[in-house]
Structures are given as C-alpha cells and as structure tokens.
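> I have a structure I would like to understand better, so I am pasting it below and will then ask my questions one at a time.
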Amino acid sequence: MTTSTAASNRVANMLTFDIEEWFHANYDGLEFPPYGTSHFRQNMDTILRLCRESNSKATFFTLGTIGEHYPDVVKAIVRDGHDLATHGYAHELAYKQSYQEFKDDVKKSVDILEQLTGTKVLGYRAPSWSIVERNYHYLEALEELGLVYDASIFPVKTFLYGIPTAPTEVHRPVVNGRTLNLFEVPMSVTQVAGRNIGYSGGFYFRFFPRFFIQNAIRKANREGKSSIVYLHPREVDPTEQKIELPFKERLIHYYNVGGTQRKLAKVLNSFEFTSVAEHLAQKGLLHV
Ligand SMILES: [Zn+2]
C-alpha cells in the first residue's frame, strides 16, 4: 500500500465514553428516577469487553454520582488500565452554574473518583458540551483544580451547543489574554459544504454510515490528526429504558441505538484507539 496508509496507521485516535445513567440529559422538567434500575452495569461490561477485544484504551468521563452508586464499575475502569476522568457530579449544565458552583461541582466529582480508585483525575468533559462562548472562562476553574486537560468544546453550531469558531486541534486555551496551563482537546469535526460537523460521536456516530465515519477518520489520520469517538453506555443497548422526549430530541438521543454496538466494534477493530491522557503523553505534552 502507499506510504500515506502506513503513516495513517501510526496515528492513534481517541476513544472516550461519558459515563452516566440512561436518564442523564438536560431538558427542563426531567426528573431522575432512582439509580440501579437500569442496564448500566451490563452496558459497562459490554463497553469494557469491546475495549479489551480491540486492544483499545479509552477515557471514561465519569459522573461523581456514578462513583457513589457504582463504585465497583468505576474501579473496573481503572483496573483495565483506562484513563478515569470527570463528567462533573450530577450532570448539571456548566453554563447554568455560577463560576463557584461549577468549580465546586467538578471538585466534588474529582474527590469522589480519586478517593475511590487512588488514581489522579486529569481531565474533564462538561455535560452536554456545556462550555460555550459565554462561560468559556470556566476553563480557568479546571486549571485552578489542577486538571491537565478539558474535552468540552465542540467546534460546531447546533441548536443545543457548540463554539463553531473554536480551534479544532489540541491547544492551550487563552482566557482574558492569558494562556492557560491546561490543554483543550476539542471534539472532532469534518467539513461539509464549508461547515464543521461532528462525525464520530453520539448522534453523529449513530446517524452516519460506517463507511462515512471510517473515511473521515482515515482522512484525519492521513493529515496526522486524531479523531475522537464518544459514546454513552445507553447507546450500546437498544433495550435500555428511554426518556420521553419530543420527536427531534428523541431522534438525537435514540436514532439507531440498535446498530451502534456492532458499528463501534468494527470501528475499534479498524483503527488504533487510545485514551486522551495517553494521546497527550504520546505527543510529549503530558508525563503520565
Ligand atoms: Zn453526559
């Protein structure tokens, strides 16, 4: 094959999961049912198995409440050699919190995860991509907490989230003229008709055919860039309970959940995947 193929094989992509219950979503009026009545444990078994079978390492952005309710699962993530990161305490939108509430929320989750596992939490991803332009300076709170990376920025424009003009590569964010001592690892986008769109996580991963996703990953890798895949435990299980939502939101949450586990297994077996922390280490940006 060509040298570009050989080069593309050397680029490791990043595999990430947001570890939460099926009912963690941010719509007004939603009430969270009790933990422990879901398929969470078996879906996590599935995800950890798919990682083992494809020899992939991943970052698990985990809620503090998941640490409280499923300590055994969080310990299993670390036992399998993955990167344990935080998704906040209870899936509250960052831009609906004050700076101090946000900082306290992230700290609470970090403390729970670290005390449970004895490992250092290095990274954060905001619930529902809720670091946007108006609360971009909240990244300073992550720096103050000693976190090493953030993966909350989606450089797209959607009706729910996104900073369409944000850089699309790993970088140190600048807040109020100061470069932060923290890496931003933005979600992967590809250009279609001059606009950034997601292709490798959540709804986009379920919606686009596998050949489209794989072509986009291949293209990124040929350019020396890593793609990020993100999914939730509920997305590998069509029989998991579902939130009652209007049509558009239902589509975003549940489109093709029946085909996702199989698609994920194939994508994981077609490319090399590693965690965000390991990716930063491979780039010489982080010493783990
Ligand atoms: Zn989430």
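The values are calculated or read from the model by the stated rules, or taken from the named source; none is laboratory data. Since this is a predicted model, take the numbers as computed values, not measurements. Please note: Cβ atoms are built from the backbone with ideal geometry, for glycine as well, and neighbour counts cover all protein chains shown.
> Is there a residue being within 16 Å of the ligand (Cβ to nearest atom) and loosely packed, with under 14 Cβ neighbours inside 10 Å anywhere in region 31-50?
Checked against the condition, which is being within 16 Å of the ligand (Cβ to nearest atom) and loosely packed, with under 14 Cβ neighbours inside 10 Å, region 31-50 yields at least one hit.
So that you can scan it fast, the table gives a plain yes or no per residue for (1) at pLDDT below 95; (2) over 17 Å from L285 (Cα atoms); (3) polar (S, T, N, Q); (4) assigned to a loop (DSSP other than H, G, I, E, B):
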{"position": "E140", "(1), (2), (3), (4)": "no, yes, no, no"}
{"position": "G146", "(1), (2), (3), (4)": "no, no, no, yes"}
{"position": "S152", "(1), (2), (3), (4)": "no, yes, yes, yes"}
{"position": "V156", "(1), (2), (3), (4)": "yes, yes, no, yes"}
{"position": "L160", "(1), (2), (3), (4)": "yes, yes, no, yes"}
{"position": "P164", "(1), (2), (3), (4)": "yes, yes, no, yes"}
{"position": "E169", "(1), (2), (3), (4)": "yes, no, no, yes"}
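> Still on this structure: Would you confirm, using the coordinates I've provided, whether G81 is small (G, A, S), more than 15 Å from the ligand (Cβ to nearest atom), surrounded by fewer than 21 Cβ atoms within 10 Å (Cβ to Cβ) and within 30 Å of E144 (Cα to Cα)?
Answer is yes for this residue.
> Only one of K248, K242 is farther than 23 Å from K57 by Cβ, assigned to a loop (DSSP other than H, G, I, E, B) and either among the basic types (K, R) or in contact with a strand residue (DSSP E or B) (Cβ under 7 Å, 6 or more places away or on another chain) (or both); which?
None of the others qualify; the one that does is K242.
> Only one residue in Y138, Y149 is closer than 21 Å to A90 by Cβ and among the hydroxyl-bearing types (S, T, Y), so which one is that?
Among Y138, Y149, only Y138 is closer than 21 Å to A90 by Cβ and among the hydroxyl-bearing types (S, T, Y).
> I'm trying to understand the selection: among the residues of region 264-286, which are farther than 15 Å from A151 by Cα and surrounded by 21 or more Cβ atoms within 10 Å (Cβ to Cβ)?
Those that are farther than 15 Å from A151 by Cα and surrounded by 21 or more Cβ atoms within 10 Å (Cβ to Cβ): L264, V267, F271, F273.
> Hey, another quick one. Can you confirm whether region 95-107 contains a residue that is within 16 Å of the ligand (Cβ to nearest atom), of a type in the set (A, V, I, L, M, F, W, C) and either at pLDDT 95 or above or touching a His at 6+ places or on another chain (Cβ under 9 Å) (or both)?
yes
> Counting only residues that are within 15 Å of the ligand (Cβ to nearest atom) and among the hydrophobic types (A, V, I, L, M, F, W, C), how many does region 133-152 have?
Of the residues in that region, 1 qualify.
> Next question, about the same structure. Within region 51-72, how many residues are within 16 Å of the ligand (Cβ to nearest atom), more than 16 Å from P127 (Cβ to Cβ) and hydrophobic (A, V, I, L, M, F, W, C)?
1
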